[in-house]
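Undergrad: Below is a structure I'd like to ask you about.
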2 protein chains.
Amino acid sequence: MSTAREGTTAKEAIRQTKPFRSTGQEAVITLLLTAETVRWALHAELSGRGDLTAQQYNVMRILRGAGRKGLPTLEIAERMIERTPGVTRLLDRIERQGWVARDRSTEDRRQVICRITSEGLALLRALDSPIDTLDERMVRSLSAAERRTLIRLLNKVRNDAP
Amino acid sequence: MSTAREGTTAKEAIRQTKPFRSTGQEAVITLLLTAETVRWALHAELSGRGDLTAQQYNVMRILRGAGRKGLPTLEIAERMIERTPGVTRLLDRIERQGWVARDRSTEDRRQVICRITSEGLALLRALDSPIDTLDERMVRSLSAAERRTLIRLLNKVRNDAP
DNA sequence: GAGAATTCCTTGACGCGTCAACCAATTTGG
DNA sequence: CCAAATTGGTTGACGCGTCAAGGAATTCTC
């Protein structure tokens, strides 16, 4: 959707002449298009500074939140926006960069505990404010009430997806 | 986010104890989580029947819309929810399955025209109604007014992402 | 018209997602 | 306790995304 960000409605972005078959369909397609746009903006912001991908950034934030004691691999996976077993390889790469460290737990030797390093923390610190700004810019045209509404409606969708 | 679909708010899904730093951040994260949930449902539905991925399905729908005359590769890319050069390889795979055919255009021999085959059309026909049902189920808890609101707010976000 | 620029793809390298299969620890149950 | 099940994580195969680089037509420019 190279040009989608210039359009107004999903219909235009998709260049579809036929209307959507239902509001459900329109909502779903608009949701996916919008998420893609946001994902893209994040990607652009992150690859400018440092060399983190969005998912790596995500993992690092989770680990920062976990503090000194760190988290076992699967705990991280559970908290991520994306899904599991890629997490192992994701961590491999971040570890190679020196931003996280992994150790096998001593209490339960099946677990691998992941911790963010001080280099990792420094990197995040540099990213915090640009990303906050970006988040804000994404929704700059929505009033406070509209933001709350959007969040509420999205949560409703999320909760009846199963 | 193996367990995210059971939660209620993004905050719970993410198991974050700290509140979001801004409603902008909450909106962005909720949006990404929700899109992921929807993407997942689609994936599940599609891999049950036939053996299409969501992106392949997307391309086939675009080609069906284009009709007999087909579309050049980059035109497809422009209409997709995702981004370009993977499209070539995506088409490679669908072509291997016999669902699309490609020919070099005679007027402009740089272009490769893609057309859906009758097998492709048959496959889509079988998928149409289950997917319509799915789209509907995704938003079943939203009233008609709420759907319109959601669509409107998402479009606002999409249009000020640049 | 011959070269330069542009357009339309395609390819290679690599990050990430999915699934299925697989160890190694740990727990459970007879 | 010891075998069987469960849990935590890793690996292989493969689909798709990104970027950067390149080849083949076509168009532009002088």
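Undergrad: From the list B:LEU142, B:LEU154, B:LEU134, pick out the single residue that is within 18 Å of the chain's Cα centre (by Cα), under 22 Å from A:ASP160 (Cα atoms) and at the interface with chain A (Cβ under 7 Å from one of its Cβ atoms).
TA: Numbers: B:LEU142 fails: within 18 Å of the chain's Cα centre (by Cα); B:LEU134 fails: at the interface with chain A (Cβ under 7 Å from one of its Cβ atoms).
Going through B:LEU142, B:LEU154, B:LEU134 in turn, the sole match is B:LEU154.
Undergrad: What are the residues in the stretch B:117-136 that are buried (at least 16 other Cβ atoms within 10 Å of the Cβ) and in contact with a Gly (Cβ under 8 Å, 6 or more places away or on another chain), if any? First the steps, then the outcome.
TA: First, the residues of the stretch B:117-136 that are buried (at least 16 other Cβ atoms within 10 Å of the Cβ): B:117, B:120, B:123-124, B:127, B:131, B:134-136.
Those that are buried (at least 16 other Cβ atoms within 10 Å of the Cβ) and in contact with a Gly (Cβ under 8 Å, 6 or more places away or on another chain): B:THR117, B:GLY120, B:LEU123, B:LEU127, B:ASP135, B:GLU136.
Undergrad: For the subset of the stretch B:64-76 comprising residues that are within 13 Å of another protein chain (Cβ to nearest Cβ) and under 14 Å from B:THR117 (Cα atoms), which member is farthest from DNA strand D (Cβ to nearest atom)?
TA: B:GLY67
Undergrad: In addition: Scan the stretch A:77-105 residue by residue and report those that are in a helix (DSSP H, G or I) and within 8 Å of DNA strand D (Cβ to nearest atom). Even if it seems obvious, please write down each step before you answer.
TA: Start the filter on the stretch A:77-105 by keeping residues that are in a helix (DSSP H, G or I), which leaves A:77-79, A:86-96.
Selection gives A:ALA77, A:GLY86, A:VAL87, A:THR88, A:ARG89, A:LEU91, A:ASP92.
Undergrad: Quick one: would you say B:VAL59 is under 13 Å from the mean Cα position of the chain (by Cα), away from DNA strand D (no atom under 12 Å from the Cβ) and β-branched (Val, Ile, Thr)? Working first, answer last.
TA: Numbers: under 13 Å from the mean Cα position of the chain (by Cα): yes; away from DNA strand D (no atom under 12 Å from the Cβ): no; β-branched (Val, Ile, Thr): yes.
When the stated conditions are applied, B:VAL59 does not pass them.
Undergrad: To continue, here is another question. Within the stretch B:73-119, how many residues are within 18 Å of A:GLU36 (Cα to Cα) and touching a Lys or Arg at 6+ places or on another chain (Cβ under 6 Å)?
TA: Result for the stretch B:73-119: 1.
Undergrad: Continuing with the same structure: Being outside any helix (DSSP H, G or I), within 13 Å of DNA strand C (Cβ to nearest atom) and within 23 Å of B:LEU134 (Cβ to Cβ) is the filter here; which residues of the stretch B:51-76 pass it?
TA: Residues of the stretch B:51-76 that are outside any helix (DSSP H, G or I), as a first pass: B:51-53, B:70-72.
From what's left, within 13 Å of DNA strand C (Cβ to nearest atom): B:51, B:53, B:70-72.
Listed by number, the residues that qualify are B:ASP51, B:THR53.
Undergrad: For the stretch B:120-136, what are the residues that are free of Cβ contacts under 8 Å to residues at least 24 places away in the same chain and either of a type outside the set (Lys, Arg) or farther than 30 Å from B:GLU95 by Cα (or both)? So that I can check it myself, show each step before the final result.
TA: Start the filter on the stretch B:120-136 by keeping residues that are free of Cβ contacts under 8 Å to residues at least 24 places away in the same chain, which leaves B:122, B:125, B:128-129, B:132-133, B:135-136.
Within the stretch B:120-136, B:ALA122, B:ASP128, B:SER129, B:ASP132, B:THR133, B:ASP135, B:GLU136 meet the criteria.
Undergrad: Let me ask something else about it. In the stretch B:15-62, how many are within 18 Å of B:LEU150 (Cβ to Cβ), facing chain A (nearest Cβ under 7 Å) and in contact with a Lys or Arg (Cβ under 9 Å, 6 or more places away or on another chain)?
TA: Of the residues in the stretch B:15-62, 13 are within 18 Å of B:LEU150 (Cβ to Cβ), facing chain A (nearest Cβ under 7 Å) and in contact with a Lys or Arg (Cβ under 9 Å, 6 or more places away or on another chain).
Undergrad: Then there's this: With (1) more than 15 Å from DNA strand D (Cβ to nearest atom); (2) more than 19 Å from A:LEU154 (Cα to Cα) as the list, and B:ASP108 as the residue in question, which single condition is left unmet?
TA: Here B:ASP108 clears every test but (1).
Undergrad: Scanning the stretch A:77-105 for residues that are within 11 Å of DNA strand C (Cβ to nearest atom) and small (Gly, Ala, Ser), which turns out modelled with the lowest pLDDT?
TA: A:GLY86
The values are calculated or read from the model by the stated rules, or taken from the named source; none is laboratory data. Small disclaimer: the values here were computed from a predicted structure and weren't measured. Here Cβ is always computed from backbone atoms with ideal geometry, including for glycine, and neighbour counts include all displayed protein chains.
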